[in-house]
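Everything on this sheet refers to the single structure shown next.
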Ligand SMILES: Cc1cc2nc3c(=O)[nH]c(=O)nc-3n(C[C@H](O)[C@H](O)[C@H](O)COP(=O)(O)O)c2cc1C
């Protein structure tokens, strides 16, 4: 089981954790177009999971066999809640637990989580240990990994990354920007290449996953050839192309009609899985992916954004398809 990361093909492809986007529904939609080798859940607060408000965050841990293998991503700095969350999550059938040490969100950082941990290595080490202990207490050995950035306000890669490699991690994902940079500057892939070389020099077995600005599987292959990473994580690329994980020699290019068909499946699955439990407005985030690349798409998208229910959007899709524009 602990061999999970090392048993994957090279380069393996990972769908990034995307909070508010990549829930069980969207992950199943991605899997139905072109399946990545590994999925991540959205990040989940360990404090929240261990509080009376657990229900609000526990949806993040819903998954189906279509989304396997899947890693549960958690965040937090409190060893007690990290221990408890890891213990429970290890019993839920996940293939690993990842702790977020890169999120630039102000609220997360104010709680000492995400990228704030980069400036507090002792807290980070205690968090990793708490998760390891939680996994051990569950008696279901699964791997532990970290997803991080180069630094917080400025790059501290020279000290932070060797420190992480000393923590006995099974995998490490580097999003090659600082937290302050958000995603506004190009990812510094040469830093990811340096991390691979450092890992080799330190003779540790941590699997390295590079992340930042990768569009699709063929772009990932280029990054693999240039930087020698074990795996590549793709986030926003999936918003440009639901078939981003297609590894075939002639990757599928979705027609406007196919995109609308995927959209219809997405809306129906969302309704089936979440009913009224999740707000319909969440679905609107996806409409710019799907209503695209045909004459008049902008106007149809405006109309899609003005809908207020799944029934309304399904009726609009029916009208659009009947109009035979696409
Ligand atoms: C909408 C959105 C939500 C995100 N949520 C998470 C998250 O829950 N956990 C995490 O580690 N990173 C999160 N990220 C960061 C991505 O996982 C990824 O590191 C980042 O987008 C860079 O990769 P890309 O250039 O391929 O998009 C999020 C990014 C976006 C755009």
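The values are calculated or read from the model by the stated rules, or taken from the named source; none is laboratory data. Everything quoted here is computed from the prediction, not taken from an experiment. Note: ideal-geometry Cβ built from the backbone for every residue, glycine included; neighbour counts use all protein chains shown.
Scan the stretch 231-250 for residues that are part of a loop (DSSP other than H, G, I, E, B) and either under 17 Å from the mean Cα position of the chain (by Cα) or closer than 24 Å to residue 285 by Cβ (or both) and jot them down.
235, 236, 241, 242, 243, 244, 245, 246 - these are the residues of the stretch 231-250 that are part of a loop (DSSP other than H, G, I, E, B) and either under 17 Å from the mean Cα position of the chain (by Cα) or closer than 24 Å to residue 285 by Cβ (or both).
If you check residue 150 against the conditions, is it over 21 Å from residue 209 (Cα atoms), within 16 Å of the ligand (Cβ to nearest atom) and in contact with a helix residue (DSSP H, G or I) (Cβ under 7 Å, 6 or more places away or on another chain)?
It is false that residue 150 is over 21 Å from residue 209 (Cα atoms), within 16 Å of the ligand (Cβ to nearest atom) and in contact with a helix residue (DSSP H, G or I) (Cβ under 7 Å, 6 or more places away or on another chain).
What about residue 182, is it assigned to a loop (DSSP other than H, G, I, E, B) and not assigned by TED's automatic domain parsing to the domain that holds residue 293?
Here the answer is yes, as residue 182 does meet what is asked.
Which residue is surrounded by the most Cβ atoms within 10 Å (Cβ to Cβ), if the candidates are limited to the stretch 121-133 and must be within 17 Å of residue 160 (Cβ to Cβ) and in contact (Cβ under 8 Å) with a residue 40 or more places away in the chain? If you could, list the steps in order and put the result at the bottom.
Pass one, the stretch 121-133, residues within 17 Å of residue 160 (Cβ to Cβ): 121-128.
Subsequent filtering for residues that are in contact (Cβ under 8 Å) with a residue 40 or more places away in the chain retains 121, 123-128.
On the way: 121: 17, 123: 17, 124: 22, 125: 15, 126: 15, 127: 28, 128: 22.
Ranking the candidates gives 127 first.
Is there a residue in the stretch 301-312 that is more than 16 Å from the ligand (Cβ to nearest atom), within 30 Å of residue 57 (Cα to Cα) and in contact (Cβ under 8 Å) with a residue 40 or more places away in the chain?
Yes, the conditions are met somewhere in the stretch 301-312.
Residue check: is residue 106 within 17 Å of the chain's Cα centre (by Cα) and not assigned by TED's automatic domain parsing to the domain that holds residue 274?
Taking the combined requirement at face value, the residue does not satisfy it.
Quick one: would you say residue 24 is surrounded by fewer than 24 Cβ atoms within 10 Å (Cβ to Cβ), more than 21 Å from residue 239 (Cβ to Cβ) and within 17 Å of the chain's Cα centre (by Cα)?
No, not satisfied.
When both residues are 6+ apart or on different chains and their Cβ atoms are under 7 Å apart, which pairs have a first residue that lies in the stretch 68-84 and is at positive phi and modelled with pLDDT of 95 or more, and a second that is in a loop (DSSP other than H, G, I, E, B) and within 13 Å of the ligand (Cβ to nearest atom)?
Final answer for the pair search is 76/113.
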